[in-house]
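I have placed the structure first, in the form of structure tokens, so that the comments after it can refer back to it.
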Amino acid sequence: MLYKKNKIQKEFFSKGYLVFKLFSKQEINLICYDLIERVNFLSGLNKYKKDIDLANYHNLNFFLDRHEKIIKGRTRYLPLRKNFSKKIYKNKIIKQILYSEWGHENFIIKWIFDRKTKTKNDTTGFRLARPVKKSTKDVGGFHLDLHYGGEKNENIKALFTIWCPIIGTSSKYTLRISPKSHKLNHLQKFVSRQKKFLSPVLMENYTRKFKYIRPQLKIGEAIIFHPNLIHGGSLNLGNKTRVSIDFRLFNKKYFK
Ligand SMILES: [Fe+2]
């Protein structure tokens, strides 16, 4: 029997992304709390028993050397509380999208932090991006998540990404994406050979041709997007430090 896509599946198929409600306000607060603990630990501030106000993270100039470690290091991950990962595994919208793209809905949340060799299950990545007037260095260029772990991958059924803002939900802060760009074959010759970012960055003369949007989100909403969707270069145009989590849903057919 021919499988017919429902409204959600059709929308995702056509745009390559979907905004949906993932967490409650209270859950976002708990994730924020966990991130404060993690950043406190990574920054060495826990020694001083001083909690970081993440929204004002960009004003903490006294540990700039640590900043590099926090945002670029292989340590910018956070194990998810069990009830949060459970909630993601049970989410109906995620399941419907995966089913229509993969033909099944079995996935594993996995963070890859060292060129495919080191992974952690039920773990999310996180990012802190300071306002652009403070620094432009915290955001990477345009890329595809398809080439996860910084290596070339051609299996478009390998993974999906979910990006969820914790602080900064307006379009001044959110992820910049190019709707429908997932339908094109982005040739390897447009991928630059840098090793600075985890995902290889696309060349500017290529990404220039696309149109971009930054969705306006509500707290608790997230963007699920296709691995072949162009995204990135999401400068923080607000006054607060943007705090976001992003996690990968890997296809259980290929990953354990
Ligand atoms: Fe990405």
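Rule-based calculations on the coordinates, nothing more; no lab input. Values in this document were obtained by computation on a predicted structure and should not be read as measured data. When we count neighbours, we look across all protein chains shown, and the Cβ atoms used for this are built from the backbone with ideal geometry, even at glycine.
Loop-located GluC sites (Glu not before Pro) across segment 139-217 with a Cβ neighbour count of 13 or fewer within 10 Å are GLU151, GLU154, with loop assigned by DSSP. Checking the Cα-Cα distances for LYS180/LYS209; LYS95/LYS157; LYS21/LYS137; LYS25/LYS218; LYS95/LYS252; LYS21/LYS157 against a 19 Å cut-off, the pairs over it are LYS21/LYS137; LYS21/LYS157.
Placing +1 on the Cβ of every Lys and Arg and -1 on the Cβ of every Asp and Glu, with no other charges, gives segment 7-251 a dipole of roughly 220 debye about its Cα centre. Summing charges over neighbours of TRP102, with a neighbour being any other residue whose Cβ is under 15 Å away from its Cβ, gives +4 when K and R count +1 and D and E count -1. Just report the Cα centroid separation between segment 85-141 and segment 197-256, whole Å. Value for the Cα centre distance between the two parts: 10 Å. Computed over segment 38-189, the P(r) tail beyond 26 angstrom holds 37 percent of alpha carbon pairs. Tell me, rounded to the nearest percent, the portion of alpha carbon pairs in the chain spaced more than 30 Å apart. Of the Cα pairs, 23 percent sit more than 30 Å apart. Between GLY125, PHE247, GLN96, the Cα set farthest toward the positive side of the dipole of the chain (charges on each charged residue's Cβ, about the Cα centre) is that of GLN96.
For segment 146-233, the list of chymotrypsin sites (Phe, Trp or Tyr not before Pro) that fall in a loop by DSSP and count at most 11 other C-beta atoms within 10 angstrom is empty. Between HIS182, HIS226, HIS104, the Gaussian network model of the chain with springs among Cα atoms under 10 angstrom shows the greatest mean-square fluctuation at HIS104.
Which percent of Cα pairs goes in each bin when the distances of segment 80-135 are cut into 5 angstrom slices starting at zero? All Cα pairs, binned at 5 Å, distribute as 4, 15, 17, 17, 18, 14, 8, 5, 1, 0 percent.
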